[in-house]
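Working notes for the structure below.
The values are calculated or read from the model by the stated rules, or taken from the named source; none is laboratory data. All of these numbers come straight from a predicted model, not from anything done at the bench. Neighbour counts are summed over all protein chains in view; Cβ atoms, including those assigned to glycine, are modelled from backbone coordinates with ideal geometry. Please note that ligands, DNA and RNA were not included when accessible areas were found on the heavy atoms of the full protein model with its side chains. Shrake-Rupley method; radii C 1.70, N 1.55, O 1.52, S 1.80 Å.
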Amino acid sequence: MRLSNYFLPVLKETPAEATIASHRYMLRAGMVKQDSAGIYIWLPLGFKVLKKIEQIVREEQNKAGAVEMLMPTIQSANHWKETGRYDAYGPEMLRIKDRGDRELLYGPTNEDMITDMFRSYVRSYKDLPQSLYHIQWKFRDERRPRFGVMRGREFLMKDAYSFDIDAEAARLTYYRQFVAYLNTYARLGLKAVPMRADTGPIGGDLSHEFLILAETGESEVFCHKDLVDMPAPGYFDNAEDLKSVFEQRTSLYAATDEKHDAEEFAKVPADKQLSARGIEVGHIFYFGDKYSEPMKAQVTGADGKNVNVMMGSYGVGVSRLVGGIIEASHDEDGIIWPKSVTPFGAGIINLKSGDAEADAACEDIYQKLSAAGIDPLYDDKNDRGGQKFARMDLIGLPYQIVIGPRGLKEGIVEVKTRATGEKQNMSPADAVKFISSEYEGVI
RNA sequence: CGGGGCGUAGCGCAGCCUGGUAGCGCACCUGUUUUGGGAACAGGGGGUCGCAAGUUCGAAUCUUGCCGCCCCGACCA
């Protein structure tokens, strides 16, 4: 993409309402624009990151055996009345009436709808297990939206729902998602720690939140230090390994403040005790027959008897992750994108647009990086160097190639690594090679 | 939902107390000189001062009501 042809409204000054780094940088880097409290327009740069995160979440769900679908944002109140949640959910749910005075709502989650869908088709234990998910916009009328996309009222969520024949099978499904979540966050460049959690209005008896540690997090967390740097488990699909990963992670102490047990925490060796703040980026639940019982979502078992299906649900806040990743990865100059979610693979800075030699060299590198699948952003604007550097640092692409007449005389360009600030001089051909190799395994 | 605060040009703000020509910086446009880490100078455009009512000869400024937004706390992907 040529910057002269892109919509990137960067701000030099920070809008007054933004107090935390991710919000400030998302506004300044032209990623989002607030339309009203907790509701955001996703500008091209922000949208690109959102889609990249969404795609990683999708791929990991698919690997975990979940099947993608799409449910509507607007739901009938009937499903919710059947489960009793229409009254239980409270004013966070946005209730709407259509022209016929029928009660509708903008979905804050989809257990009720999918359970209704599921029961209308599935009759036999032979059709189980099933896991379905969608990535869809939700609306929760928060009392106090804040921190930009971290706590919006409208937000993009991946929510998966599982259906199993009995509790034992359902727990295995739960472990499978647990492992998939660890792999997902690792790909996003995040260190997420699973913690025992409250089940909230969704209910159930087994639930974990995944939190990334950040000073600006809304939750207070307590955990064993070793959990933070544990590597992603990787891919396998047998009951024994799934269970052992789950047990390995849950045997060490980790809880948010509402589930915190000071006595238990005290048993963690003092040098391993970590109390910090965290951002919740995922929440998984096993809730058994909480919905299948009232909605009579049953299948006939091998013994000819009807049983309620055992369910779980698994949420990832996709739009929140955009902010969460920035909280975890930025410096005083701007964002530092992990390679897996960067909106563009590399930035090309032309220090003298209009200079025939510089233009030609930039154009050549632009073509070669594009051909290599790097998806570069070429700053071909007529601005001064300093402005281009500051802008490129702000939007945080992992690599910058700085090209100007002075270097070209000696046959070199400068390659800057955003995360470290390290600058290396090399030939244009080597720059393309270097960046391509850095992305090996990522693209 | 309790407490606090803010709404004046695209962004950041001053002006309001003590009513009388709407201002500054950045951004934007034109020109000149510049150009290797957010250039300088000159000129220029852009605002029903959140909305409504009231007081007044006169309201950004005073009064009342409404709307919107932010921050701190209690609740949540």
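Yes or no: region A:34-49 includes at least one residue that is polar (S, T, N, Q), assigned to a helix (DSSP H, G or I) and surrounded by fewer than 16 Cβ atoms within 10 Å (Cβ to Cβ). No: region A:34-49 contains no residue that is polar (S, T, N, Q), assigned to a helix (DSSP H, G or I) and surrounded by fewer than 16 Cβ atoms within 10 Å (Cβ to Cβ).
In the set (1) crowded, with 23+ Cβ neighbours inside 10 Å; (2) not aromatic (Phe, Trp, Tyr); (3) not in a helix (DSSP H, G or I), the condition left unmet by A:Ser319 is number (3). For the residues A:Val10, A:Val67, A:Val57, the requirement of being farther than 30 Å from A:Tyr235 by Cα, of a type outside the set (Ser, Thr, Tyr) and in contact (Cβ under 8 Å) with a residue 12 or more places away in the chain singles out A:Val10.
Of all residues in region A:266-291, those being in a strand (DSSP E or B), within 30 Å of A:Lys81 (Cβ to Cβ) and open to solvent by 20 Å² or more (accessible area, probe 1.4 Å) number 2. Looking across region A:31-64, just one residue is more than 15 Å from A:Trp337 (Cα to Cα), modelled with pLDDT of 95 or more and of a type in the set (Gly, Ala, Ser), and that is A:Ala64. Looking only at region A:299-316, how many residues end up being surrounded by 18 or more Cβ atoms within 10 Å (Cβ to Cβ) and not hydroxyl-bearing (Ser, Thr, Tyr)? The qualifying residues number 8. Reported count of residues in region A:136-152, each being open to solvent by 20 Å² or more (accessible area, probe 1.4 Å) and near RNA strand B (Cβ under 7 Å from one of its atoms), is 8. When you look at A:Phe118, is it over 17 Å from the mean Cα position of the chain (by Cα), at pLDDT 95 or above, in a helix (DSSP H, G or I) and more than 12 Å from RNA strand B (Cβ to nearest atom), yes or no? Taking the combined requirement at face value, the residue satisfies it. Restricting the first member to region A:384-395 and to residues that are β-branched (Val, Ile, Thr), and the second to residues that are assigned to a helix (DSSP H, G or I) and more than 6 Å from RNA strand B (Cβ to nearest atom), the beta-carbon pairs closer than 8 Å and six or more apart or on different chains are A:Ile395/A:Leu45.
Residues of region A:177-191 that are in a helix (DSSP H, G or I), of a type in the set (A, V, I, L, M) and farther than 11 Å from A:Val316 by Cβ: A:Val179, A:Leu182, A:Ala186.
Contact annotation: residue pairs with Cβ atoms under 9 Å, 6 or more positions apart or on different chains, pairing a residue in region A:148-170 that is free of Cβ contacts under 8 Å to residues at least 40 places away in the same chain with a partner that is surrounded by 24 or more Cβ atoms within 10 Å (Cβ to Cβ), are A:Glu168/A:Met310.
A:Asn5 meets the conditions (1) surrounded by fewer than 21 Cβ atoms within 10 Å (Cβ to Cβ); (2) within 13 Å of RNA strand B (Cβ to nearest atom) in every case but one. The failed one is (2). Taking the criterion of being surrounded by 18 or more Cβ atoms within 10 Å (Cβ to Cβ) and either at pLDDT below 95 or in a loop (DSSP other than H, G, I, E, B) (or both), the only residue of region A:228-245 that qualifies is A:Pro233.
Do any strands (runs of 3 or more DSSP E) lying entirely in region A:372-439 carry at least 3 residues that are open to solvent by less than 10 Å² (accessible area, probe 1.4 Å) and either within 13 Å of RNA strand B (Cβ to nearest atom) or over 14 Å from A:Ile349 (Cα atoms) (or both), and which ones are they? Don't jump to the end; show me each part of the working.
On the way: elements: A:377-379, A:399-403, A:413-417, A:423-426.
Because the criterion is at least 3 residues that are open to solvent by less than 10 Å² (accessible area, probe 1.4 Å) and either within 13 Å of RNA strand B (Cβ to nearest atom) or over 14 Å from A:Ile349 (Cα atoms) (or both), the strands (runs of 3 or more DSSP E) in region A:372-439 that meet it are A:399-403.
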